[in-house]
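A quick write-up on the structure given underneath.
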Amino acid sequence: MTRKPDPFTVPFGTVLCDWMTTARADGGGYVYGGSPEPYRDHVISPAAHALHYASAIFEGLKAHRQSDGSLAVFRLDRHIQRMATSAALLRLPEIDPGTLRRMIIDAVEANAPEVPDPPGSLYIRPTLVGTDPDIGAAARPSRSALLYVVNSPVGDYFKGGVRPLTLLLETSVPRTVPKFGMVKCGANYAMALGVTLDSMAASEAIDQILFATDNDITETGAANFFLADDERVVTRHLDESFLHGITRASVIELADHLGYQVEERTIHPDELVDWAERGEAFLTGTAAVLAPVGSIVHDGETLKFGGGQPGRNAMRLRQALVDIQVGAAPDPFGWRTPVRG
(Lines give C-alpha, C1' and ligand atoms only; values in the text may rest on other atoms or scores of the structure.)
Protein backbone atom coordinates (compact mmCIF):
# COMPACT_ATOMS: atom_id res chain seq x y z
CA MET A 1 0.00 0.00 0.00
CA THR A 2 1.37 3.40 -0.97
CA ARG A 3 1.62 6.02 1.76
CA LYS A 4 -1.19 8.58 1.49
CA PRO A 5 -2.19 11.79 3.29
CA ASP A 6 -4.32 11.68 6.43
CA PRO A 7 -7.90 11.93 5.05
CA PHE A 8 -8.74 14.50 7.74
CA THR A 9 -6.12 16.91 6.34
CA VAL A 10 -7.22 16.97 2.68
CA PRO A 11 -10.55 17.65 0.90
CA PHE A 12 -13.17 14.89 1.07
CA GLY A 13 -12.73 12.26 -1.65
CA THR A 14 -9.32 13.35 -2.94
CA VAL A 15 -7.42 10.30 -1.64
CA LEU A 16 -8.05 7.13 -3.68
CA CYS A 17 -7.40 3.57 -2.54
CA ASP A 18 -5.00 1.15 -4.21
CA TRP A 19 -7.61 -1.36 -5.45
CA MET A 20 -10.75 -1.21 -7.57
CA THR A 21 -13.19 -3.59 -9.27
CA THR A 22 -14.49 -3.40 -12.84
CA ALA A 23 -17.01 -5.15 -15.07
CA ARG A 24 -18.07 -4.56 -18.66
CA ALA A 25 -21.29 -5.14 -20.56
CA ASP A 26 -21.29 -5.45 -24.33
CA GLY A 27 -24.84 -6.07 -25.49
CA GLY A 28 -25.46 -8.47 -22.59
CA GLY A 29 -24.87 -8.83 -18.86
CA TYR A 30 -21.89 -7.44 -16.98
CA VAL A 31 -18.79 -9.63 -16.94
CA TYR A 32 -16.84 -9.32 -13.70
CA GLY A 33 -13.53 -11.14 -13.40
CA GLY A 34 -14.18 -11.90 -9.76
CA SER A 35 -11.24 -10.14 -8.12
CA PRO A 36 -9.97 -6.61 -7.47
CA GLU A 37 -7.33 -5.02 -9.66
CA PRO A 38 -4.88 -2.16 -9.05
CA TYR A 39 -6.37 1.33 -9.26
CA ARG A 40 -5.66 2.72 -12.73
CA ASP A 41 -7.02 4.91 -15.48
CA HIS A 42 -9.70 3.58 -17.82
CA VAL A 43 -9.42 3.72 -21.59
CA ILE A 44 -12.64 4.58 -23.43
CA SER A 45 -13.32 5.87 -26.93
CA PRO A 46 -13.41 9.64 -27.50
CA ALA A 47 -16.81 8.91 -29.05
CA ALA A 48 -18.11 7.09 -25.94
CA HIS A 49 -21.81 7.61 -25.35
CA ALA A 50 -21.25 8.93 -21.80
CA LEU A 51 -19.01 11.75 -23.03
CA HIS A 52 -21.58 13.05 -25.50
CA TYR A 53 -25.01 12.05 -24.20
CA ALA A 54 -24.53 11.89 -20.41
CA SER A 55 -25.19 8.17 -19.97
CA ALA A 56 -23.37 8.11 -16.63
CA ILE A 57 -24.54 7.45 -13.06
CA PHE A 58 -22.93 6.75 -9.72
CA GLU A 59 -23.64 5.90 -6.10
CA GLY A 60 -22.12 6.93 -2.80
CA LEU A 61 -22.05 4.76 0.31
CA LYS A 62 -19.68 4.01 3.17
CA ALA A 63 -17.95 1.23 5.04
CA HIS A 64 -17.22 1.86 8.72
CA ARG A 65 -14.66 0.43 11.10
CA GLN A 66 -16.67 -1.24 13.87
CA SER A 67 -16.12 -0.98 17.60
CA ASP A 68 -14.63 -4.50 17.56
CA GLY A 69 -12.22 -3.66 14.72
CA SER A 70 -14.18 -5.39 11.96
CA LEU A 71 -15.76 -3.66 8.93
CA ALA A 72 -19.37 -3.19 7.83
CA VAL A 73 -20.98 -1.47 4.85
CA PHE A 74 -23.95 0.73 5.72
CA ARG A 75 -27.17 0.05 3.79
CA LEU A 76 -25.44 -1.81 0.99
CA ASP A 77 -28.50 -3.35 -0.64
CA ARG A 78 -30.54 -0.11 -0.56
CA HIS A 79 -27.75 1.69 -2.44
CA ILE A 80 -27.53 -1.12 -4.99
CA GLN A 81 -31.29 -0.89 -5.51
CA ARG A 82 -31.09 2.88 -6.08
CA MET A 83 -28.26 2.49 -8.60
CA ALA A 84 -30.21 -0.15 -10.49
CA THR A 85 -33.15 2.28 -10.64
CA SER A 86 -30.89 5.05 -11.96
CA ALA A 87 -29.51 2.72 -14.65
CA ALA A 88 -33.01 1.81 -15.77
CA LEU A 89 -34.12 5.46 -15.97
CA LEU A 90 -31.11 6.36 -18.13
CA ARG A 91 -31.62 3.21 -20.22
CA LEU A 92 -28.17 1.84 -19.41
CA PRO A 93 -27.61 -1.94 -19.52
CA GLU A 94 -29.47 -3.52 -16.61
CA ILE A 95 -27.42 -3.96 -13.43
CA ASP A 96 -27.41 -7.36 -11.78
CA PRO A 97 -27.63 -6.60 -8.03
CA GLY A 98 -25.63 -9.70 -7.11
CA THR A 99 -22.73 -8.73 -9.38
CA LEU A 100 -22.59 -5.17 -8.09
CA ARG A 101 -22.83 -6.39 -4.50
CA ARG A 102 -19.85 -8.68 -5.03
CA MET A 103 -17.85 -5.91 -6.69
CA ILE A 104 -18.46 -3.51 -3.79
CA ILE A 105 -17.57 -6.07 -1.12
CA ASP A 106 -14.45 -7.19 -3.00
CA ALA A 107 -13.24 -3.60 -3.36
CA VAL A 108 -13.85 -2.83 0.32
CA GLU A 109 -12.10 -5.97 1.49
CA ALA A 110 -9.11 -5.30 -0.77
CA ASN A 111 -8.83 -1.75 0.61
CA ALA A 112 -9.54 -2.68 4.24
CA PRO A 113 -6.07 -1.55 5.47
CA GLU A 114 -6.92 1.99 4.31
CA VAL A 115 -10.17 2.32 6.27
CA PRO A 116 -9.66 5.01 8.94
CA ASP A 117 -11.01 4.68 12.45
CA PRO A 118 -14.19 6.62 13.35
CA PRO A 119 -15.12 9.36 12.77
CA GLY A 120 -13.40 8.53 9.48
CA SER A 121 -14.80 5.95 7.05
CA LEU A 122 -14.31 4.42 3.61
CA TYR A 123 -16.33 6.18 0.93
CA ILE A 124 -17.46 3.81 -1.84
CA ARG A 125 -18.14 5.11 -5.35
CA PRO A 126 -19.73 2.64 -7.81
CA THR A 127 -19.89 4.24 -11.26
CA LEU A 128 -21.54 3.23 -14.53
CA VAL A 129 -20.84 4.84 -17.91
CA GLY A 130 -22.13 4.10 -21.39
CA THR A 131 -19.24 3.24 -23.73
CA ASP A 132 -20.76 2.79 -27.21
CA PRO A 133 -18.40 4.63 -29.63
CA ASP A 134 -21.19 6.34 -31.53
CA ILE A 135 -21.58 10.12 -31.76
CA GLY A 136 -24.79 9.66 -33.74
CA ALA A 137 -26.57 7.94 -30.86
CA ALA A 138 -28.36 10.93 -29.33
CA ALA A 139 -31.67 9.09 -29.57
CA ARG A 140 -30.34 5.62 -28.74
CA PRO A 141 -29.12 4.16 -25.45
CA SER A 142 -25.66 2.72 -25.06
CA ARG A 143 -25.63 -1.08 -25.34
CA SER A 144 -22.12 -1.35 -23.92
CA ALA A 145 -21.08 -0.01 -20.53
CA LEU A 146 -18.30 0.08 -17.95
CA LEU A 147 -19.18 -0.55 -14.30
CA TYR A 148 -16.52 0.05 -11.67
CA VAL A 149 -16.05 0.63 -7.95
CA VAL A 150 -13.40 2.87 -6.41
CA ASN A 151 -12.87 3.71 -2.73
CA SER A 152 -11.65 6.74 -0.81
CA PRO A 153 -10.68 6.98 2.87
CA VAL A 154 -12.45 10.09 4.16
CA GLY A 155 -12.86 12.33 7.16
CA ASP A 156 -15.50 15.01 7.60
CA TYR A 157 -17.37 16.28 4.54
CA PHE A 158 -17.74 19.81 5.85
CA LYS A 159 -14.59 21.69 6.82
CA GLY A 160 -14.40 22.03 10.57
CA GLY A 161 -16.23 18.80 11.38
CA VAL A 162 -19.59 18.75 13.13
CA ARG A 163 -20.63 22.39 13.45
CA PRO A 164 -23.71 24.54 12.74
CA LEU A 165 -23.89 25.21 9.01
CA THR A 166 -25.09 28.35 7.26
CA LEU A 167 -27.41 27.86 4.28
CA LEU A 168 -28.56 30.34 1.63
CA LEU A 169 -32.13 29.87 0.44
CA GLU A 170 -32.44 29.84 -3.37
CA THR A 171 -35.99 30.13 -4.76
CA SER A 172 -35.37 30.62 -8.48
CA VAL A 173 -32.68 28.27 -9.84
CA PRO A 174 -33.74 24.59 -9.86
CA ARG A 175 -31.58 22.10 -8.00
CA THR A 176 -31.87 19.28 -10.53
CA VAL A 177 -32.56 18.45 -14.16
CA PRO A 178 -36.36 18.28 -14.49
CA LYS A 179 -37.79 14.76 -14.22
CA PHE A 180 -34.40 13.29 -13.27
CA GLY A 181 -33.90 14.68 -9.77
CA MET A 182 -34.07 11.22 -8.25
CA VAL A 183 -31.26 9.93 -10.49
CA LYS A 184 -27.73 10.17 -9.07
CA CYS A 185 -26.09 11.58 -12.18
CA GLY A 186 -23.55 14.32 -12.76
CA ALA A 187 -25.96 16.65 -14.57
CA ASN A 188 -27.90 17.21 -11.35
CA TYR A 189 -24.78 18.39 -9.56
CA ALA A 190 -23.79 20.58 -12.50
CA MET A 191 -27.20 22.28 -12.25
CA ALA A 192 -26.39 23.42 -8.70
CA LEU A 193 -22.73 24.29 -9.27
CA GLY A 194 -23.00 27.78 -10.73
CA VAL A 195 -25.34 29.25 -8.12
CA THR A 196 -23.37 27.54 -5.34
CA LEU A 197 -20.05 28.95 -6.50
CA ASP A 198 -21.47 32.43 -7.03
CA SER A 199 -23.08 32.51 -3.60
CA MET A 200 -20.05 31.19 -1.79
CA ALA A 201 -17.85 33.70 -3.60
CA ALA A 202 -20.14 36.49 -2.37
CA SER A 203 -20.03 35.24 1.22
CA GLU A 204 -17.50 32.86 2.75
CA ALA A 205 -20.01 32.20 5.53
CA ILE A 206 -22.29 30.17 3.22
CA ASP A 207 -21.76 26.40 3.45
CA GLN A 208 -24.53 25.16 1.13
CA ILE A 209 -27.42 26.39 -1.01
CA LEU A 210 -30.87 25.26 0.13
CA PHE A 211 -33.03 24.95 -2.97
CA ALA A 212 -36.66 26.03 -2.73
CA THR A 213 -37.64 26.38 -6.36
CA ASP A 214 -41.07 28.04 -6.58
CA ASN A 215 -41.03 28.29 -2.75
CA ASP A 216 -40.88 24.51 -2.33
CA ILE A 217 -37.94 23.50 -0.10
CA THR A 218 -36.35 20.19 -1.13
CA GLU A 219 -32.60 19.76 -0.55
CA THR A 220 -29.17 21.36 -0.76
CA GLY A 221 -26.59 20.56 -3.41
CA ALA A 222 -25.30 17.66 -1.32
CA ALA A 223 -27.92 16.64 1.25
CA ASN A 224 -31.60 16.38 2.17
CA PHE A 225 -33.15 18.95 4.51
CA PHE A 226 -35.00 18.40 7.80
CA LEU A 227 -36.74 20.46 10.47
CA ALA A 228 -37.11 19.12 14.01
CA ASP A 229 -38.37 19.85 17.50
CA ASP A 230 -38.84 17.71 20.59
CA GLU A 231 -41.86 15.92 19.08
CA ARG A 232 -41.48 15.99 15.29
CA VAL A 233 -39.13 15.69 12.37
CA VAL A 234 -40.29 17.15 9.06
CA THR A 235 -38.87 16.67 5.58
CA ARG A 236 -40.05 17.10 2.00
CA HIS A 237 -42.15 14.23 0.63
CA LEU A 238 -40.49 12.26 -2.14
CA ASP A 239 -41.10 12.85 -5.82
CA GLU A 240 -38.97 12.78 -8.98
CA SER A 241 -37.62 16.33 -8.48
CA PHE A 242 -34.88 15.53 -5.94
CA LEU A 243 -32.68 12.73 -4.64
CA HIS A 244 -34.24 9.94 -2.60
CA GLY A 245 -31.53 10.00 0.04
CA ILE A 246 -30.76 6.76 1.82
CA THR A 247 -29.47 8.56 4.89
CA ARG A 248 -32.74 10.52 4.74
CA ALA A 249 -34.70 7.26 4.78
CA SER A 250 -32.54 5.95 7.63
CA VAL A 251 -33.12 9.06 9.75
CA ILE A 252 -36.87 8.80 9.17
CA GLU A 253 -36.90 5.19 10.36
CA LEU A 254 -34.66 6.04 13.29
CA ALA A 255 -36.75 9.04 14.31
CA ASP A 256 -39.90 6.92 14.27
CA HIS A 257 -38.09 4.28 16.33
CA LEU A 258 -37.12 6.94 18.90
CA GLY A 259 -40.69 8.17 19.23
CA TYR A 260 -40.74 11.25 17.00
CA GLN A 261 -43.73 12.02 14.80
CA VAL A 262 -42.48 12.01 11.20
CA GLU A 263 -44.03 14.35 8.63
CA GLU A 264 -43.17 14.03 4.93
CA ARG A 265 -44.76 17.02 3.22
CA THR A 266 -44.25 20.30 1.39
CA ILE A 267 -42.18 22.86 3.31
CA HIS A 268 -42.73 26.53 2.45
CA PRO A 269 -40.00 29.09 3.23
CA ASP A 270 -42.46 31.04 5.41
CA GLU A 271 -42.38 28.14 7.89
CA LEU A 272 -38.71 28.73 8.61
CA VAL A 273 -39.40 31.80 10.75
CA ASP A 274 -41.52 29.80 13.19
CA TRP A 275 -39.10 26.87 13.27
CA ALA A 276 -36.15 29.17 13.89
CA GLU A 277 -37.87 30.53 17.00
CA ARG A 278 -38.60 27.15 18.57
CA GLY A 279 -37.02 24.32 16.61
CA GLU A 280 -34.03 23.02 14.68
CA ALA A 281 -32.83 22.26 11.17
CA PHE A 282 -30.32 19.75 9.84
CA LEU A 283 -29.04 18.06 6.69
CA THR A 284 -28.58 14.37 5.94
CA GLY A 285 -26.50 12.56 3.33
CA THR A 286 -23.95 9.79 2.95
CA ALA A 287 -21.06 12.25 2.93
CA ALA A 288 -22.57 14.75 5.38
CA VAL A 289 -24.03 12.05 7.70
CA LEU A 290 -26.26 14.35 9.79
CA ALA A 291 -25.12 17.97 9.94
CA PRO A 292 -26.83 20.61 12.12
CA VAL A 293 -27.92 23.89 10.56
CA GLY A 294 -27.32 27.04 12.59
CA SER A 295 -28.50 29.73 10.16
CA ILE A 296 -30.47 30.17 6.95
CA VAL A 297 -30.08 33.37 4.91
CA HIS A 298 -33.09 34.50 2.87
CA ASP A 299 -33.66 37.87 1.17
CA GLY A 300 -30.82 39.40 3.15
CA GLU A 301 -32.24 38.27 6.52
CA THR A 302 -30.56 35.63 8.67
CA LEU A 303 -32.69 33.16 10.60
CA LYS A 304 -30.84 31.52 13.48
CA PHE A 305 -31.92 28.09 14.64
CA GLY A 306 -31.24 27.23 18.28
CA GLY A 307 -29.26 30.40 18.75
CA GLY A 308 -26.99 29.32 15.93
CA GLN A 309 -25.86 26.19 17.78
CA PRO A 310 -26.43 22.47 17.02
CA GLY A 311 -29.87 21.40 18.22
CA ARG A 312 -30.25 18.68 20.85
CA ASN A 313 -32.66 16.64 18.69
CA ALA A 314 -30.37 16.81 15.67
CA MET A 315 -27.42 15.69 17.77
CA ARG A 316 -29.48 12.93 19.38
CA LEU A 317 -30.45 11.58 15.97
CA ARG A 318 -26.89 11.94 14.68
CA GLN A 319 -25.43 10.04 17.61
CA ALA A 320 -27.99 7.25 17.27
CA LEU A 321 -27.25 6.95 13.55
CA VAL A 322 -23.47 6.97 13.97
CA ASP A 323 -23.65 4.41 16.79
CA ILE A 324 -25.40 1.99 14.45
CA GLN A 325 -22.98 2.71 11.59
CA VAL A 326 -19.87 1.97 13.69
CA GLY A 327 -21.30 -0.97 15.65
CA ALA A 328 -21.46 0.85 18.99
CA ALA A 329 -25.20 0.09 19.24
CA PRO A 330 -27.47 -2.78 18.16
CA ASP A 331 -28.72 -2.72 14.57
CA PRO A 332 -32.48 -3.39 14.84
CA PHE A 333 -33.01 -2.45 11.18
CA GLY A 334 -30.43 -4.80 9.63
CA TRP A 335 -28.52 -1.91 8.04
CA ARG A 336 -24.96 -3.24 8.48
CA THR A 337 -23.39 -5.72 6.06
CA PRO A 338 -20.26 -7.26 7.64
CA VAL A 339 -17.22 -7.64 5.38
CA ARG A 340 -13.74 -9.01 5.99
CA GLY A 341 -11.50 -6.31 7.43
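The values are calculated or read from the model by the stated rules, or taken from the named source; none is laboratory data. Values in this document were obtained by computation on a predicted structure and should not be read as measured data. Don't worry about glycine lacking a Cβ; one is built from the backbone with ideal geometry, like all the others, and counts go over all protein chains shown. Remember, those area values only see protein heavy atoms, side chains included, never the ligands or the DNA or RNA. Shrake-Rupley method; radii C 1.70, N 1.55, O 1.52, S 1.80 Å.
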Exception for residue 43 within (1) touching a Ser or Thr at 6+ places or on another chain (Cβ under 7 Å); (2) open to solvent by 20 Å² or more (accessible area, probe 1.4 Å) falls at (1)
Checked the stretch 206-235 for anything open to solvent by 10 Å² or more (accessible area, probe 1.4 Å) and within 12 Å of residue 268 (Cα to Cα); matches are 213, 214, 215, 216, 218
Filtering the stretch 143-165 down to residues that are open to solvent by 20 Å² or more (accessible area, probe 1.4 Å), touching an Asp or Glu at 6+ places or on another chain (Cβ under 9 Å) and modelled with pLDDT of 95 or more yields 143
Taking the stretch 282-302 and the residues there that are in contact with a strand residue (DSSP E or B) (Cβ under 7 Å, 6 or more places away or on another chain) and open to solvent by 40 Å² or more (accessible area, probe 1.4 Å), the one that is modelled with the lowest pLDDT would be 298
Is it the case that the stretch 95-106 has a residue that's open to solvent by 70 Å² or more (accessible area, probe 1.4 Å), part of a strand (DSSP E or B) and either without any contact (Cβ under 8 Å) to a residue 24 or more places away in the chain or not aromatic (Phe, Trp, Tyr) (or both)? no
Across (1) surrounded by 15 or more Cβ atoms within 10 Å (Cβ to Cβ); (2) more than 18 Å from the chain's Cα centre (by Cα); (3) not in a helix (DSSP H, G or I), residue 259 clears everything bar (1)
Would you confirm whether or not the stretch 262-281 contains a residue that is touching a helix residue (DSSP H, G or I) at 6+ places or on another chain (Cβ under 7 Å), open to solvent by 40 Å² or more (accessible area, probe 1.4 Å) and assigned to a strand (DSSP E or B)? yes
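A quick yes/no check of all residues on (1) acidic (Asp, Glu); (2) without any contact (Cβ under 8 Å) to a residue 12 or more places away in the chain; (3) not in a loop (DSSP other than H, G, I, E, B):
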{"residue": "146", "(1), (2), (3)": "no, no, yes"}
{"residue": "152", "(1), (2), (3)": "no, no, yes"}
{"residue": "159", "(1), (2), (3)": "no, yes, no"}
{"residue": "168", "(1), (2), (3)": "no, no, yes"}
{"residue": "175", "(1), (2), (3)": "no, no, no"}
{"residue": "182", "(1), (2), (3)": "no, no, no"}
{"residue": "204", "(1), (2), (3)": "yes, yes, no"}
Among (1) buried (at least 20 other Cβ atoms within 10 Å of the Cβ); (2) assigned to a strand (DSSP E or B); (3) aliphatic (A, V, I, L, M), residue 314 falls short only on (2)
The lone condition residue 118 fails out of (1) closer than 27 Å to residue 67 by Cα; (2) surrounded by 19 or more Cβ atoms within 10 Å (Cβ to Cβ); (3) within 19 Å of the chain's Cα centre (by Cα) is (2)
